[in-house]
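Structure first, commentary second.
Just so you know, all these numbers are worked out from the coordinates, no wet-lab data involved. Remember, it's a predicted structure, so these values are computed and weren't measured experimentally. Glycine also receives a Cβ, built like all others from the backbone with ideal geometry; neighbour counts cover every protein chain displayed.
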Amino acid sequence: MLLVARILVWFPAILDYPLVRLLNTGAGRPLIDTIVFDFAEFYTLSGVIFLGVIWFCWSSSSDRVRSHIMMGAMSALIAGMVSRLLQHVLPSHARPLHDAALGFHLPSGIDPTALNAWNAFPSDHAAVWFGLATVIAMVRPRLGVAALAWALLSGIGRVYLGFHYPSDVLAGAGLGVAFVLLATTDPLERLGLRVCAWGERHEPLFYAGAFFLSYQIATLFDDVRQIGGSIANLLRLPSI
């Protein structure tokens, strides 16, 4: 999927430009723009929901399934980190709202200078959200269908806002799903079982750490990244 998305980046007239222009016809209506922005950008309507469902699945699962949940969630996080790294190192494309060739009509309330410091491919939001949705789908298939649909709507929302092209979302989704599926291999399952066994012996410490990590995943380490950016500015280092 990542390779297909990469090819689509090279030929934007095939998918990216037509779909962005189609979605962009609705831009400029304050009510619609606000609803899409809130849905696509507020973590309460994305990461928090995904992690809430994951904890719901955790509460009624066996140790083996909990191992898959834990390792899958961590793999989704790693997929997001890899995606962010690729945004910085791959020769890619500007985001739709910065692409002069596209003629993008900016939705209401969007900063025209937003996210102009790095490339758009692949989407780290899509990597984490689709990864978490895949974790849910492995444990509770019906909930998983809803979670995957929710992740797709979030990705479409970010395309509407001009933050990503469809190929960015497709690539991020592919990374997230692939990393989570790799987490089901035997070595990682055994590692997860050992961590679960340790957590049963040290429940207060385990759940305190799990709460902290869940919050960070749900918010894509936003606070941590802002703190890191502030420190990087002081030290004149590249921010993340």
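A few points about this structure:
- Scalar couplings 3J(HN,Hα) for segment 26-33, obtained by applying the Karplus form with A = 6.51, B = -1.76, C = 1.60 to θ = phi - 60°, are x, 6, x, 9, x, 5, 5, 4 Hz; x denotes Gly and Pro.
- Principal-axis tilt of helix 203-218 within the chain, Cα atoms, nearest 10 degrees: 10 degrees
- Oblate is the label for segment 8-85, because a/c, from the alpha-carbon gyration tensor with a ≥ b ≥ c as root eigenvalues, is 1.5 or above and a/b does not exceed b/c.
- When its C-alpha radius of gyration is set against 2.2 N^0.38 Å (N residues), segment 66-111 gives a value of 1.77.
- Here Tyr17, Tyr215 are placed in order of increasing Cβ neighbour count within 10 Å, fewest first, which gives Tyr215, Tyr17.
- Rounded if a/c under 1.5, otherwise prolate or oblate - segment 45-163, Cα gyration tensor axes: prolate
- Listed by Cβ neighbour count within 10 Å, with the fewest neighbours leading, Val82, Val159 appear as Val82, Val159.
- Rounded to the nearest 10 degrees, the inclination of helix 47-59 to the longest alpha-carbon principal axis of the chain is 20 degrees.
- Kirkwood radius, segment 136-240, all distinct C-alpha pairs, inverse of mean reciprocal distance: 17.0 Å.
- Rounded if a/c under 1.5, otherwise prolate or oblate - the chain, Cα gyration tensor axes: prolate
- Per-bin percent of Cα-Cα distances, segment 159-221 [5 Å]: 4, 14, 12, 17, 21, 13, 7, 7, 5, 1
- For segment 18-77, a crude dipole built from +1 on the beta carbon of Lys and Arg and -1 on the beta carbon of Asp and Glu, taken about the Cα centre, is about 160 debye to the nearest 20.
- Scaled radius of gyration (Cα, divided by 2.2 N^0.38 Å) that segment 47-91 gives: 1.47
- Largest mean-square fluctuation among Leu106, Leu213, Leu77, in a Gaussian network model of the chain whose springs join Cα atoms under 10 Å apart, belongs to Leu213.
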